[in-house]
Every structure is written in structure tokens, then in C-alpha cells.
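Comments concern the structure below.
Read the figures in this text as sums done on the coordinates, not as results from a lab. This is a predicted model, so every value here is computed, not measured. With ideal geometry, Cβ positions are generated from the backbone for all residues, glycine too; neighbour counts draw on all protein chains shown.
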Amino acid sequence: MQLREVTFQRFEEEAQELGVCLPVEQTSAWASLEATIEGRSQWGCFRITEPAADGGEKTVALISFADYLTHGYHYLRAHHAPVWVGGAPTPEQESEALDAIASYVRRRDRKVAFVRLAVAAELPQTSPVLSGIPYDNTVVVDLTGGDEAILDRMKTRGRRDVRKALRESPVTCADETERATECFDEYYDVMVETAERDGFNPAPKSDYQDMIRILGPEHCRVFAGRDPEGKVVTWAISTISGTHAVYYYAASRGATKSQFVTDKLFYFECCELGRRGCTQYDLMGIGSDFSPALLGLNMFKTKFAKEVTVVAPDRDLPVKRGFYNALQSLQSVRRSRREAARAKAAEAQKARPREDLLPVILGGDISAYAYGREFHEAFHVRSHAMNQAFVGALEHSALFDFTVTSSIEPAELRQKISALAEANPAKKLPVIPSTDALVASLEEIRDELPANVILPIPTPEAFARVCDKRAFQEACERLGLPTPATEVVSLAGPAAPAPCGLPFPVVAKPARTAEYSHLYEQGFKKIYSCDDQAALDALWASLRDAGFAGDFLVQERIDGDDTHMGALTFYVGANGQMQAFGAAQALLEDHAPTMRGNSVAMVSRVWPDLMERCQRLVAELGYTGLGEVDVKRDPRTGEWLFLELNPRAGRNSYYMAAAGVNPMRAMVTDLVDGRGKKLWVADEPALYTLVPQSLLERYIADPALLAEVRDLVAQGRSFDPQRYDADRGLRRMLDVELTEKNQIRKFARFYPERTDSSF
């Protein structure tokens, strides 16, 4: 292959002749914009050619370079190029083109250290970029066919959100290109707020102004949504090249996010660009394994198209290999110093107790202790525990102050929480419930609590959808998330329930935990396994005798031992975006009748596919706050089935902190500090256990899994939330030791031998 330099005019003419739509960054209009930026200049436009069958040459790709001068050295930048003729190239073609480019640049310009360009294949000639965040996936919206066709091609949740926005959002959308060209001040104010909220530095206002002015209305449009008072609350800048548009910049007021104003504006953009002759709207990058830093964008962007589009990411092509290696080494040193400085500052910050924070933990069991430990590790604060009674490991802890309540009824909690809040007016009080019943009580009093009380729980509407396992099942069906085959049995009224239509054995569990949990004291279990209709009928009779008139779910029993279970723990911020996520595979579960389904040992996992499914699920349910989804892998198919969503962080939330992401830090960063932004993913290897290793050795049948457990123990990556160096009082540690020994007795009584079904 060879590079043949041509004028910009000929470059754009040839693109048109070849039927190639150049990215806007490969046009003369963009070159004019870059010429206004100090240190940047146009370097040249080229045809990349190869021999043709007739003995001549044929153009296989087009590429335009800009020269960037930075930190005393030069490199060339080819945005979204080479632009290949006739579809994606093979790795062999890309490799040959890179060799031709490097050879040409060395001959022509000895100042150039490297070339940054788009390369699909991971080739030996290239290196990961020294700076920036490249991406290899994006979302491209098809704009053909008119407004309804655009909407019909979206995912279900995209259509739902847009239709909701069209019905309810108060903003008025318009193309405001001319207005923004005259004065960009009000738009920039929104960008400044967005940057402060999401944790980035906005470009100077002049950069946006120059872009709009120099590219001109043919290549750049500004769309905005205004509230009823006429103020800009959301806007976007879109670039246009031929029939291809790109979602380049966007900003919005945080207070309007719940009104779907961004969805309404985005749909308006799609329709307007379609009317202007654009056929594609590129949302300019989403996260993937290649670019995990962008995963936080996926929830919003992926709902507008059913497929993700793979693109060639930016890579560096070293021209001066020795100099480039030196740049890499220098960058590594600078990065290490920056990271060390950040870590030192973070540690100094962490070492100072948060004087403005007073966590309130509702509950008295191990989950309540874990929440308090998470707050102490993150902010060095004592928590205030409220409950009718406390387990010894909590009662004798140095991390807590206590209030004993006579009940967990709403009125009692309102009085106790309000009194604590009023006695600490300068503090924020995040209230963390440890059971569904406590969440239900908080939902009733949420509007009656003082302003300094913070509730990281879902809205009443989302709580109702989550706690009704029937509604959860329906949401999963709408999203195509697999669940066990299920029937709903109502025990209200005198009529005998219809015979079960599912093959036995089946499991039965209450549809709404909060209205059932009081029956535990009467000996009822969390989950029942029934081998025949007679066992089910006996269960229905005993429940009615106890006065229960709610709904029960009967599901096919999915076999597989405890290691087939999994947990997805998350925090969804006030902006509706998931901001923290962790996943774990169960190793062993509690088998006591009232504790069934609670894991007592887990290993952390990184499951991007389940994370994406979980994001879609919480979006479908309109869920915000802390939560946890139970999943189980069907041994017959290997598929993960979604079982239920718990409207709280869950008994075992500390596994997530052990794996690198403290859920309480994520929540406080969002709801107290107002800086909720990126998605934090817990990805460090960790063994979480509440039981002695001897029990794991006995019950884990998979040799590879058992070897992993032993390896994590050997590496010091085993974590018991009860064993905390900052809280090692003698009396408390005796309670912990007794609790662990009691686990051995419990398993001997309730689960003496491992079974393939876990029952």
C-alpha cells in the first residue's frame, strides 16, 4: 500500500465519488476549527492505495491528519480514520496500511513521534493510547422512515421513556443553533453544573462557541429544552457530515433528570436530524471490556437502539519507537505519582471523621453490623443502631450507639429517628434498614421525617413493584430476563387453591415478604420445597390457620447446590443511574428454616452481562437506592435466572466492600455530597465468609472452586465482616467466636450433607 497526498478539495470529492461518508473530523470544516487551536495544524490529506487489476492503483481508504504539538513533541491525529472503502478491512489490510503510514511519516517529517488513528485489530505495530479514553463500541440510531419508525426501532425501555417524556415532561424542545451562535452563556451555565455533578472539567466556553461558529449550521446544530419559565435545562450539540450525525456534547440540570427531559430532547434531535436528511445518529461511544471507564454511559445510550455497533478504537502507531517508549515510561512515572498523591490525599481524608455524618442503622443482626462497619471504614464515624434487640457482636461493638425500640411500627420509628435528627441538626442522617419490613415502615413516614434525614430507599411506587414478586416476575418477562416458571396462589377467601400446574418438585415462597415475616415466630419458613400436591395443600391449610391471606408464588424447583446461587448488589443514584455494582457467587447458604437464602460464604465475581441486565431491570422498575438481586444458575442450561430483588443492601453487602467498592461510600457521595457520578464496579478478588473454613472444605464439591477458596485465604483475601481490627473488644470477639461455632452446630442440624438440590 502507498500514501498519495491530495488537496482537501480533491480528498472530499473522491470520498463523494467512492460513496464514502467522511466523519466530520475528516472534513475541511473541521480542519478550519482545529486551525484556531494553538498547537494544531493541518498536516495533509491522503489516499491509501494498492495495485489494481488493470495495472494502475485503486483507493482503499482515505485519511486526513492534523499535527498536534504538546509537551514539546509532535504527533499526528487522524480522528475516526482511516475511512475504508467498501466496508471493514481485514487485520492484514490494516497492518499493511499502518506500515505504509509509518514509512511515509518517517520520510516526510522527522518531528513526529507517533500517529494516533483508528485501528480495529490489536496489531503488534500499535500501542494503547498514551492519553484519552478510546472506545470500541457505540450506539447508532437509524433515523430513516420518520418519527414513529425511529421510536419503533428503540428498545422497549427507550420507547417507554420517550413516550413518558412526551406525555409528562414540561420542557419545550427546539433547534436553537442561531440563538446559541449569538450567545452561549445560558447553555454554558448548564454545562458547568453538569461538570460539577459528574466530576469532570468543562472545556472553556470559547471552545463550544468556536465549534458552533466555525463549523456553521451545515455541520453543527444546537438543540435545547426549556422549562415553562423559558430557562434552558438541557441541551446538546450535534455534528453533521453528509447523512451522518454525531451526539457530540450534552448537558442538563440535575433537578430535571427525573422528568425525562433528556429523553424528550434526544428524541426531538433524532426527528429533526432525520428531517434534515441524516440517516444515522452516532451516540459517540459506550463502555465495554475495552473501555470500562465508559460503562456509566450504557444505561442511557443503549436504550435507543436494539444493537450495539462495533467501531475501530483509537490506538497509537509509534514512528520513533525509542522516543515513544520514553514517553510511555515518563507517563507511567507521572501516573504513579498522581495516583500516589491521590491515594495520600484520599487516605488523609478518610482518616478524618466526617463530622457532618450520623448513620442510623435499623436492625440488630449481622447485616446491621456490616452496615456500621462500612460507614466506619469509609468515614471513621460511629453509627446509631435502632432495634428491639441486638446480637452480641453488635451490642458489644465500639462502632455503635444504641436506641432500643418497642417495635418497628412507623409511628415508633418516626418518633425515634426524628428525635435523633433534631438533636443533631448539623449532621446528615442516612437511615439504612436491614429488612423489608423496616423499609415498608420507612416508606410510610418518609414525608414526615426532618430534612436532615436521608433515605437511600426506592420510591413507594418502586418499592411496591419490587416487593410484589409477581410484579418483579412481570418486569423480568418484559425485559426478556429468564426466571423460573411461576404460578401465583392467592390464599384470600375460603375457596381452595387450584391444583398446581407445574411439574413437581416445586418451591413455594411468599409474594410479599413484609406481610409474611411475622409468621417466622410461629415456625414458618422463608421457602418451602414440596414434592407433591399433598404437601402444597398442607402448606396452604397451615397458612390459613395462621391467618395469612396474602399471595404465594409456586415455582419450578431449580436444582443445583448452593454454589449455583449468586448476588448482584448495587446502588442507583438520585439521577436514576447505577453508581455502584458488585457481584458474588455463593459458596454456602444458611439452611435454618427462617434464614434460608442467606449466603454465609461468597466469592466476588465480575459479571458484565449480569450487570447490564441488572441495570435494565432497575431502570424498568424505576428503582433508586441500595438494593440486591438474587440469581441462580440453572445447571441444565448454564443460564442465570432472576429470582427476586431485595429493596435494601442485603445481609451480605460487605462482600462488595471487600471487593473494592464500599456501597455506603457510593451512597453518601451521591445523596450527602451531591457528587454521584461514575459507575464504581467491585472487581477485586475476595472471599467473604461468616463460617469457619472447615465448613467450606466440607460442602464445596467443585475442586476448582475449593482451590480458589484456599488460594484467596493464602493471599490474605478472606474477609469476615464481624472480624474488624478497629473493633476487637474481648467481649465482642467472644460473641463472634461463639457465633461461628454455632454455625457448625446449625449445619449439622439443618444441612448435615451436601445435596445437588441444596434442599
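A few comments on the model shown:
- Unsatisfied cross-links (Cα-Cα over 32 Å) in the set LYS301/LYS469; LYS427/LYS526; LYS164/LYS678; LYS231/LYS344: LYS427/LYS526; LYS231/LYS344
- Looking at the range 130-217, the chymotrypsin sites (Phe, Trp or Tyr not before Pro) that sit in a DSSP loop and have at most 15 other Cβ atoms within 10 Å of their own Cβ are PHE200.
- Distance between the pseudo-spin-label points of GLN331 and CYS183 (7 Å out from Cα toward the beta carbon): 4.2 nm.
- Residue by residue, the range 160-165 carries 3J(HN,Hα) couplings of 4, 5, 5, 5, 5, 5 Hz when phi is fed to the Karplus relation 6.51 cos²θ - 1.76 cosθ + 1.60 (θ = phi - 60°); x denotes Gly or Pro.
- Gyration tensor verdict on the range 140-282 (Cα atoms; rounded if a/c is under 1.5, prolate if a/b is larger than b/c, oblate otherwise): oblate
- Between LEU69 and ASP99, the simple label model (points 7 Å from Cα in the Cβ direction) yields a spacing of 3.4 nm.
- Nearest 10 degrees, 0 to 90: helix 8-18 Cα axis against the chain principal axis: 70 degrees
- Student exercise, the range 140-282 dipole from Lys, Arg, Asp, Glu Cβ charges, in Debye to nearest 20: 600 debye
- Among GLN533, ALA475, LEU491 the positive-end extreme of the charge dipole of the range 474-547 (Cβ point charges): ALA475
- Using C-alpha pairs under 8 Å with a sequence gap of at least 6, the mean separation divided by the residue count of the chain gives a relative contact order of 11 percent.
- For the range 57-173, with +1 on Lys and Arg beta carbons and -1 on Asp and Glu, the positive-most of SER64, VAL171, ILE101 along the dipole: VAL171
- Neighbour counts of C-beta atoms inside 10 Å place GLU339, GLU487 in the sequence GLU339, GLU487, starting with the fewest.
- Computed P(r) (all Cα pairs; the range 2-131; 10 Å bins; percent): 12, 45, 35, 8, 0
- Rounded Å value of the spacing that divides the Cα centres of the range 269-318 and the range 455-522: 38 Å
- Residue-averaged [θ]222 nm for the chain, counting only DSSP H segments that reach four residues, each worth -39500 (n - 2.57): -11500 deg cm²/dmol
- Positive-end extreme of charge dipole, the range 554-629 - chosen from HIS591, ALA580, HIS564 (charges on Cβ): ALA580
- Each Lys and Arg adds +1 at its Cβ and each Asp and Glu adds -1 at its Cβ; summed about the Cα centre, the chain shows a dipole of about 1620 debye.
- For the chain, pairs of C-alpha atoms spaced more than 53 angstrom apart make up 21 percent of the total.
- Scalar couplings 3J(HN,Hα) for the range 708-722, obtained by applying the Karplus form with A = 6.51, B = -1.76, C = 1.60 to θ = phi - 60°, are 4, 4, 4, 5, 5, 4, 5, 7, x, 9, 9, 10, 10, x, 6 Hz; x denotes Gly and Pro.
- Dmax and Rg, reported as Rg then Dmax, of the range 360-455 (C-alpha, Å): 12.3, 34
- Eligible aspartates and glutamates near LYS306 by straight Cα distance, threshold 13 Å, same-chain separation 8 or greater: ASP142, ASP152
- Karplus 3J(HN,Hα) series, Hz, for the range 559-566 with 6.51 cos²θ - 1.76 cosθ + 1.60 (x for Gly, Pro): 6, x, 6, 4, 5, 8, 8, x
- Student exercise, the range 561-750 dipole from Lys, Arg, Asp, Glu Cβ charges, in Debye to nearest 20: 400 debye
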